[in-house]
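The values are calculated or read from the model by the stated rules, or taken from the named source; none is laboratory data. Note that this is a predicted model, so its numbers are computed, not measured. Don't worry about glycine lacking a Cβ; one is built from the backbone with ideal geometry, like all the others, and counts go over all protein chains shown. For accessibility, only protein heavy atoms count, side chains too; no ligands or nucleic acids. Shrake-Rupley method; radii C 1.70, N 1.55, O 1.52, S 1.80 Å.
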Amino acid sequence: MADRFADQEAVYAREIAGLPYSENWVGLSAINAMASFGKTKEMFQAAEDYAQGGDPGIWRLDIGRLGEDGEWFANDPLDSLLGIMSQQPDVATTYLDPGQNGENEPGAARLQYLLGDDGRNWNVLTHERPIDGEPVSMTFPVEDPAGKTGLGLVLEAATTGRLPDTSAESFGYHTIEQARVMDFLIEMLDGDDGRADIVLADDSYANLRDPLNRALTDYTADTFNILSGQSDHAYSGGSTYVDSEGRGRLGGSTSQVIRMLRGVSGEVDDYKRLYDAQLAYSTEQLVALPDAEYIDGSMETWNEWSVTSRAIGEVMGTMNGVGADMILDGRDMAIGEINDTARYAYHGFGAPITGIPFIGDTSQRLLDAYLYEWSKPMIEEVDIHTRNENSAANDAADTNLVNLYRAWADSAGYGEGDAGRVHFDAASGEAVQSRAVGRDRAMTALRN
């Protein structure tokens, strides 16, 4: 079967695959159009896709030949090309855009091929293993340990519109095409049976988790609205939409987003990036509210404070629940590891973190004044769940919220005893009361 592709195109494909990464990038960086990337990618796909007469094992190489310095680029030409495409985010978005409700058949088909259950065979290596007690051996196809590296990078670029592992200038700005790629990914990974957290926990997806974690962090404005029920599609799910400011927004369901957040939180640092992003966005919402002096005599202003505070409580409660599930699963970490990380980490927001959009000076001043114990609420949630006392208070989580509002009051110039300080205390009470709603929603999505 492979002989069918022993023509000039296959020779060209193998020449590309055999070059070091930097040489390929220099050679292809001038090809600055989707058609050029697409032609090469479709050529690779045709060579390996059985449905098109190709050989799924055309790229296979025995794992023993890689050595310690084996490079993913040379092992998997198609994944390598996707990594190159990630350096052209607009090209990546256009190439993978599935259209509204999957109506753009080529983009949807490409995503299905790369990630679908009936899509690409990612076992590009073979492993020869002797049979016990017999003078013969069997060869097994296996996935490259660095497999899907390029796929993860191109998905991050396509959904964010930026180079991988870079930060946006602010929260919440995406084109509808970028949002459609993210929405399609969530739908695919979660499936009809709601399993994104389980799918992404598999070793086969290890190299997707970090890029998708950064991409979801970039969508914090959208996930905040969905988790707090403020999105039109927060509970039932739905397609993406364009908001009043012309921005593309996600339309995933609350449970889907929770499972995705859990799925890309395989390590402590991954979880904390998502947690800190939600915290940073929450401060942006607080500092955008009217000054406390306008609350007296204005029910409309208080309602705005109240709605925002309830949303913040729900979202941070959800994040506590996601963190608790990490411990309860036991597949990612133990409480000791979390404690070790927290012990050596500064319990404040600190310097900007790569992957989290930049925030305004007012929000930064609030965060600079806010010290929080991010690990204690999730550990306390585990204790509550283990005792089957889901209605019990989580003192650590509540303290975090109260301290957030105290820091907001201080940064806004309202000290203890000042007129107007009472409004900050009342707003923190709204957040505390709503926190359990988010926690319960997370535990239901992940453990039922």
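Could you tell me the distance between the Cα centroids of the range 280-334 and the range 188-266, to the nearest Å?
The distance from the Cα centre of the range 280-334 to that of the range 188-266 comes to 18 Å.
Using a simple spin-label model with points 7 Å from Cα along the Cα→Cβ vector, what separation in nm is obtained for residue 304 and residue 109?
So the two model labels end up 5.1 nm from each other.
Want the number for residue 403 to residue 383: 0.36 nm per residue separation, take away the alpha-carbon distance, what's left?
Full extension of this stretch gives 5.0 nm more.
With a sphere of radius 13 Å drawn around the Cβ of residue 178, what net charge do the other residues whose Cβ falls strictly inside it have (Lys, Arg +1; Asp, Glu -1)?
-3
From the Cα gyration tensor of the range 236-276, with a ≥ b ≥ c the square roots of its eigenvalues, which class applies: rounded if a/c is under 1.5, or else prolate if a/b is larger than b/c, or else oblate? Spell out each step's value before the answer.
Numbers: a/c = 4.11, a/b = 1.85, b/c = 2.23.
The shape class here is oblate.
Treat each spin label as a single point 7 Å out from the Cα along the C-beta direction, and report the residue 202 to residue 419 distance in nm.
My value for the distance between the label points is 6.4 nm.
Ordering 287, 322, 422 from largest to smallest accessible area (1.4 angstrom probe), what's the sequence?
Per-residue accessible area, sorted high to low, gives 422, 287, 322.
Cβ under 13 Å from residue 286's Cβ, residue 286 left aside: what net charge do those residues give with Lys, Arg +1 and Asp, Glu -1?
-2
Can you put 113, 95, 294 in order of accessible area, largest first, using a 1.4 Å probe?
Putting 113, 95, 294 in descending order of accessible area: 294, 113, 95.
For residue 104, what is the net charge nearby, where nearby means another residue's Cβ is under 12 Å from its Cβ and Lys, Arg count +1, Asp, Glu -1?
-2
Suppose each label sits 7 Å from its Cα in the direction of the beta carbon; what would the residue 100-residue 437 distance come out to in nanometres?
3.0 nm
Give me the accessible area of residue 76, 1.4 Å probe, in Å² rounded to the nearest 10.
10 Å²
Could you tell me the calculated FRET efficiency between residue 288 and residue 90, based on Cβ-Cβ distance and R0 = 30 angstrom, to the nearest 0.05?
0.50
Suppose R0 equals 30 Å. What FRET efficiency, 1/(1 + (r/R0)^6) with r the Cβ-Cβ distance, do residue 118 and residue 175 give to the nearest 0.05?
E between residue 118 and residue 175, to the nearest 0.05, is 0.55.
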